[in-house]
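Working notes, structure below.
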Amino acid sequence: MYFMEAYRLPWLMLAILSWITIYFTCSYKQFTKALPAAIWTMIVGAILEQFFLHHKFWSDKYLLIPIGELDLFLVIGPFFTLGLLLIRLLPRNKWGILSSVLFFSILATGIEVISIKLSFLKYHETKWNYLHSIFAYSLGLMSTLGFHYALWKKR
């Protein structure tokens with residue numbers, strides 16, 4: 001743990017874990033089909049994260065390559081992977097889709113909880129809690145679904 005803190009590696013390690021997940025769960029065709037939605041999720045996630053950090057809802061530690069107040073590896077790792085896996089594993093019925101959004105929102109919040117326990121992230125208790133995170137991720141992932149459907153409906 002000291003090694004990761006000393007060299008500011010927590011977000012890089014999470015990004016590597018995210019990329020390994022993509023490598024072992026997606027074919028090239030699946031990856032290219034979900035790529036625009038993953039990029040969308042990455043951009044939306046970065047904008048929301050920057051807003052929440054700027055307004056002191058929480059704070060990140062151990063930034064290796066800062067982009068404003070967040071780490072580059074947080075954006076190109078977990079956010080990208082979240083969008084890609086959502087589209088890659090998207091069910092066909094509406095209740096399945098809603099369940100997927102909720103599942104990935106809870107999964108992302110779970111990663112935040114682990115980050116809090118490891119002291120890489122800190123919520124400001126008066127402004128933010130876990131339910132806020134689940135709600136924010138759900139809205140972000142719903143925007144990803146809207147983007148994905150708008151993009152693929154035209155093709």
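Side notes on the structure shown:
- Filtered by the rule that a residue be hydroxyl-bearing (Ser, Thr, Tyr) and either over 18 Å from the mean Cα position of the chain (by Cα) or surrounded by fewer than 18 Cβ atoms within 10 Å (Cβ to Cβ) (or both), the range 110-122 gives a lone residue, Ser119.
- The set of residues in the range 123-155 being under 15 Å from Trp40 (Cβ atoms) and among the hydrophobic types (A, V, I, L, M, F, W, C) consists of Leu139, Leu141, Met142, Leu145, Phe147, Ala150, Leu151, Trp152.
- Test result for Ile20, at pLDDT 90 or above, in a helix (DSSP H, G or I) and within 18 Å of Tyr137 (Cα to Cα): no
The values are calculated or read from the model by the stated rules, or taken from the named source; none is laboratory data. Model, not experiment: these values are computed from the prediction. Neighbour counts run over all protein chains shown; Cβ positions are idealised from the backbone, glycine included.
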